[in-house]
Amino acid sequence: MTAPELLLLWLYFAVLTCLSVYGLHRCYLVYLYTNHRGSAPPDSGVDVAPRPAVATDARRSDDPEAFPFVTVQLPIFNEMYVVDRLVDAVAALDYPRERFEVQVLDDSADNDETGRIARRAVERASARGVQIAYLRRDRRAGFKAGALANGLRSARGELIAVLDADFVPHPDFLRRLLPPFDDPGVGMVQARWGHLNREYSLLTRVQAMLLDAHFVLEHGARHRGGLFFNFNGTAGVWRRAAIESAGGWLDDTLTEDLDLSYRAQLAGWRFVFLPDVVVPAELPVEMNGFKIQQHRWARGSIQTFFKLLPRLLRAEIPLRTKVEAWFHLTANFNYPLLLLLSVVMVPALFLQARLGLDALLRVEFLLFVAALVSVVNFYVLSQRAVRADWVAQLRYLPLLIAVGVGLAVNNTLAVLGACAGGRHDFERTAKYAVIGRGDDWRSKRYRRSSVVQPLVELAFGLYYTAAVAYAVSMGFFAQLPVLCLFQVGFLYTAVLSLVQQSAADAPRAQMPAPHRSRLVSRPARSRPHVTTRRETPLVSS
């Protein structure tokens with residue numbers, strides 16, 4: 001064996017070993033989730049100073065004054081298709097009208113198209129007796145973090161609920177999330193995300209399974225195990241004192257929710273996850289939108305890791321909490337490793353087969369089987385927890401794993417961008433109010449196009465197609481399952497991106513007539529309680 005061949009195999013198995021360590025961490029989360037089932041979460045080990053409780057036991061009282069005052073913040077940016085639905089759902093919350101207010105925080109830059117629809121929705125809500133304010137900033141400083149911080153300055157609530165534009169809360173949303181605040185040490189309560197358009201396509205089904213596992217097993221395991229977990233940016237309620245004592249909303253990462261979550265828990269606040277409270281939301285229906293979302297989350301998590309690592313290491317918290325936080329915040333480093341594996345795996349596999357290195361092949365086989373079992377177990381458990389038809393959902397598992405591979409290029413670029421540092425733009429994920437199979441998104445606005453990245457993914461897909469053909473011709477059938485998995489993953493993400501872009505770029509009307517009438521042509525009503533203010537922009541930190 002030559003020196004380059006030895007180096008190749010060493011690199012290959014080193015990458016496999018690193019990925020296997022994160023696979024073992026996934027097994028640890030499964031252990032926490034199952035071992036602590038039905039038991040109260042242990043204390044996280046952070047000292048908590050005495051704090052006043054919030055009187056949430058009022059849900060059994062007829063006295064509105066016994067209910068805590070809540071501010072519901074709705075940050076929006078270019079949301080002409082869904083802002084109507086959001087405001088109407090919030091206006092229908094089953095909570096005393098005099099004990100909550102709503103802030104529509106509009107940073108849109110679409111020639112006031114979102115603004116016009118939002119203001120009409122605000123007028124309708126106000127006519128129903130809802131205390132609601134439409135807040136428009138002159139400058140989008142600080143992105144979503146800046147909008148939330150600006151809203152907080154004028155908010156009157158001791159509890160702050162946050163709902164993104166693509167969410168549709170049930171009327172009992174506030175009543176079900178407030179009881180944990182009876183504990184004065186609780187700083188945030190997170191609900192589980194549901195999926196309005198889960199059945200729309202293969203892509204939305206895969207996304208739904210990914211999110212189900214994130215909430216049920218990751219949040220569930222960390223909460224049950226007394227470890228740190230994060231607010232997901234929406235579908236949750238904060239204690240205002242927790243936000244302020246942790247330093248407030250900051251815009252120096254793309255995941256302001258993850259950043260504030262860790263700062264608040266390091267400051268001594270405890271978080272609660274309520275898996276039985278589900279808030280439906282719309283999943284991205286186009287591959288490029290999904291990639292934008294994943295890119296933002298991956299880059300922001302690594303930015304948060306670099307920002308908070310020194311503070312995390314110095315914190316007087318249990319070692320197990322620090323180790324788990326390390327794995328949590330560094331999980332997206334898996335993608336550069338996965339992309340590197342994608343490059344070296346083909347020559348490494350064929351080199352072992354050609355040289356007859358049976359011992360290495362057995363080790364490699366065990367590593368792949370262990371990784372596959374940990375992934376399958378992870379998603380099987382999450383689907384069993386949320387779906388009565390969980391067995392039927394398992395047929396999407398191969399595609400789910402393949403999509404994870406296909407995202408390697410997209411998320412590697414995100415991780416490298418975070419490592420490079422510098423400023424960043426918050427690129428939102430476009431939502432189109434696309435729920436059923438007959439709904440059309442291709443003529444909608446706000447789409448983003450990308451050619452270079454899908455072509456790189458396509459090149460990887462063709463690389464693995466050639467590898468599959470070579471393996472068949474040489475009789476290397478043991479390598480075929482892994483090669484096919486990588487082939488399908490890269491080809492699916494690349495081809496779907498290019499095909500959807502091509503379909504959307506075809507000449508179409510900007511907005512179908514039925515949708516236009518439903519969203520824009522509602523008659524204006526009286527404006528008895530509408531507050532419209534232009535806020536002072538937040539200075540970027």
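Looking at Val30, Val15, Val21, which is the one that is farther than 23 Å from Phe228 by Cα, β-branched (Val, Ile, Thr) and modelled with pLDDT of 85 or more?
After ruling out the rest, the residue left standing is Val15.
Just to be sure I understand, how many residues within the range 424-467 are among the hydroxyl-bearing types (Ser, Thr, Tyr) and part of a loop (DSSP other than H, G, I, E, B)?
Residues flagged as among the hydroxyl-bearing types (Ser, Thr, Tyr) and part of a loop (DSSP other than H, G, I, E, B) within the range 424-467 amount to 6.
Go through the range 403-423 and report how many residues are outside any helix (DSSP H, G or I) and crowded, with 18+ Cβ neighbours inside 10 Å.
Here is the first cut: in the range 403-423, the ones outside any helix (DSSP H, G or I) are 407, 421-423.
Next, only the ones that are crowded, with 18+ Cβ neighbours inside 10 Å stay: 407.
So the answer is 1.
The values are calculated or read from the model by the stated rules, or taken from the named source; none is laboratory data. Quantities reported herein were computed from a predicted structural model and do not represent experimental measurements. Glycine also receives a Cβ, built like all others from the backbone with ideal geometry; neighbour counts cover every protein chain displayed.
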